[in-house]
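S.K.: Got a structure for you, questions after.
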Amino acid sequence: MKRKVGYTWKLREVMAAHGIFTTTELVPMLRDRGIELSASQIHRLVSGTPERLSLQVLAAFCDILACTPADLVTTTAENAGVRRTATGDVPAPSSAVTKLRPRPARILPDA
């Protein structure tokens, strides 16, 4: 069975809980920890959901905000839905298919 996994990025909420409301406040804090990101890069991390993130940047956010990675990322996993066929959830049995096949044509000689 296939599973569908996802995640929710909650950096903005954790920042607000710690009284940090602008991304420019993070620039010097990240520089103090050896992370050189531009203000626009930090803005994208805060306002969007990153597909990739360096573990060093994640560790720096956790240090700045005194939190764990689990506070910044919430994961979800659920079973993927069953793919439906035209006849319903279950494919038709093979014996029913053979009854529906046309009979081969018989060619008769001209009389």
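The values are calculated or read from the model by the stated rules, or taken from the named source; none is laboratory data. Everything quoted here is computed from the prediction, not taken from an experiment. The protein model used for the area step is the full one, side chains on, heavy atoms only, and it has no ligands, DNA or RNA in it. Shrake-Rupley method; radii C 1.70, N 1.55, O 1.52, S 1.80 Å.
S.K.: Over the stretch 1-80, with every protein chain in place, what whole percent of the accessible area is carbon and sulfur at 1.4 Å, could you tell me? List each step's numbers first, then the result.
M.R.: Values: 2870 of 5350 Å².
Reported share for carbon and sulfur atoms: 54 percent.
S.K.: Next up: Starting from the Kirkwood Rh over alpha-carbon pairs, what translational D in µm² s⁻¹ does the stretch 1-53 have by Stokes-Einstein at 25 °C and 0.890 mPa s? Mind dumping the intermediate values first?
M.R.: On the way: Rh = 12.5 Å.
The Stokes-Einstein estimate is 197 µm²/s.
S.K.: Can you give the translational diffusion coefficient of the stretch 30-82 in µm²/s, computed by Stokes-Einstein from the Kirkwood radius over Cα pairs at 25 °C and 0.890 mPa s? Mind dumping the intermediate values first?
M.R.: On the way: Rh = 12.7 Å.
The estimated diffusion coefficient comes to 193 µm²/s.
S.K.: Which far-off residues, 5 or more places away or on another chain, put their amide H under 5 Å from the one on Y7, with H placed in the peptide plane?
M.R.: Those qualifying (amide H under 5 Å, at least 5 residues apart or on another chain) are T76.
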